[in-house]
Ligand code: FO1
């Protein structure tokens, strides 16, 4: 069976470990978010691609969820001694080797998708990892200028900062007024991305950040249409449990785009893919919904939302969603496959 997953960073990577454990005989393609990518000290860093590659390849720092295990930060400290900014980005010494290989390969003219495949030859993650695009498209966050500057009308001046600065330096604690994926209009899906969606037997949306991870991938021209039209069932896993993100700061992102931090609101945000059923009260629309999902897993603590989600035209089931260990994650994957009607 061909499984395709759209994945962000830490939550997505952890879920994918469960996919590989639950479905050892299936071919898994991961379309990785590259909106988090950043140039740091002249090096190209691809946080979500590296998190998937290291997590599935056995090199991840378990306690951080990103970067390498047994990492040191000597180069970072030396750069700080020179007063070189940014000092807030955790550039690990082992991690730098990955960024050096990637950067020199880019400078030699290789596309990011080829470079990612080459890096994976070392890590053998057990999936085909494809960046969502080979083109530069970086998430910027619109915030009130942290310096307190005001515009001519005396209102807080709004500026755009790179997602990593918002996420790491400000810990997403300064309100995001919006997100802009700079360059996405000119970006093309990387080779294999559209086919991986169209030819899949099932497409999974792991519990990654719906705004800055999954939402970012959906903005790459062609991806949303492929998701709406693929014959594969599309099943998502709620990253929100009991009104809060399991990990990370998805609530800050959802609030910024006016979506409530609930499993139901995120399901509605993704939207039903199939024609709305008569029971939903909508007219028998022949075209499929404007949305992306057929099924949605919510945590048992959100079981009260199942009926409302089903009324949206999305099949829904309440199961344990905490990826506390590999067996728990495997069980989630089996539930997702079952919800899609897969053996
Ligand atoms: N996250 C942090 O909270 N602090 C860091 O210093 C940091 C450094 C870092 C370096 C390489 C990398 O691949 C990821 C890194 N991350 C760090 C995580 C990263 O900001 C996030 O994982 C994603 O961008 C969002 O999922």
Look through 166, 88, 123 and report the one residue that is surrounded by fewer than 20 Cβ atoms within 10 Å (Cβ to Cβ), within 13 Å of the ligand (Cβ to nearest atom) and either at pLDDT 95 or above or over 30 Å from residue 70 (Cα atoms) (or both).
88
Residue identified as modelled with pLDDT of 95 or more and within 21 Å of the chain's Cα centre (by Cα) among 327, 299
299
All but one of (1) out of contact with any strand residue (DSSP E or B) (no Cβ under 6 Å at 6 or more places or on another chain); (2) under 30 Å from residue 342 (Cβ atoms) hold for residue 219; which doesn't?
(1)
Go through the range 11-48 and give me each residue that's farther than 20 Å from residue 201 by Cα, touching a helix residue (DSSP H, G or I) at 6+ places or on another chain (Cβ under 6 Å) and either in a helix (DSSP H, G or I) or away from the ligand (no atom under 13 Å from the Cβ) (or both).
13
Give me the pairs: first residue in the range 216-240 and assigned by TED's automatic domain parsing to the domain that holds residue 200, second residue in a strand (DSSP E or B) and at pLDDT below 95, beta-carbon distance under 8 Å, and six or more apart or on different chains, which are they?
239/245
Look at residue 98 and say whether it is within 17 Å of residue 164 (Cα to Cα) and near the ligand (Cβ under 10 Å from one of its atoms).
no
Among 181, 227, 205, the single one that is within 16 Å of the ligand (Cβ to nearest atom), over 22 Å from residue 14 (Cβ atoms) and in contact with a helix residue (DSSP H, G or I) (Cβ under 9 Å, 6 or more places away or on another chain) is 181
Go through the range 149-163 and give me each residue that's without any contact (Cβ under 8 Å) to a residue 24 or more places away in the chain and within 16 Å of the ligand (Cβ to nearest atom).
161
Going through the range 91-114 in order, the residues found to be in contact (Cβ under 8 Å) with a residue 40 or more places away in the chain and surrounded by 14 or more Cβ atoms within 10 Å (Cβ to Cβ) are 91, 95, 96, 98, 99, 102, 103, 106, 111, 112, 113
Do you know which residues across the range 136-156 are under 30 Å from residue 19 (Cα atoms) and surrounded by 19 or more Cβ atoms within 10 Å (Cβ to Cβ)?
137, 138, 139
Of all residues in the range 49-65, which are within 9 Å of the ligand (Cβ to nearest atom) and surrounded by fewer than 19 Cβ atoms within 10 Å (Cβ to Cβ)?
64, 65
Note: among 210, 191, just one is in a loop (DSSP other than H, G, I, E, B), in contact (Cβ under 8 Å) with a residue 40 or more places away in the chain and surrounded by fewer than 19 Cβ atoms within 10 Å (Cβ to Cβ), namely 191
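The values are calculated or read from the model by the stated rules, or taken from the named source; none is laboratory data. These numbers were taken from a predicted model, which means no experiment stands behind them. Cβ atoms come from the backbone with ideal geometry, glycine included; neighbour counts cover every protein chain shown.
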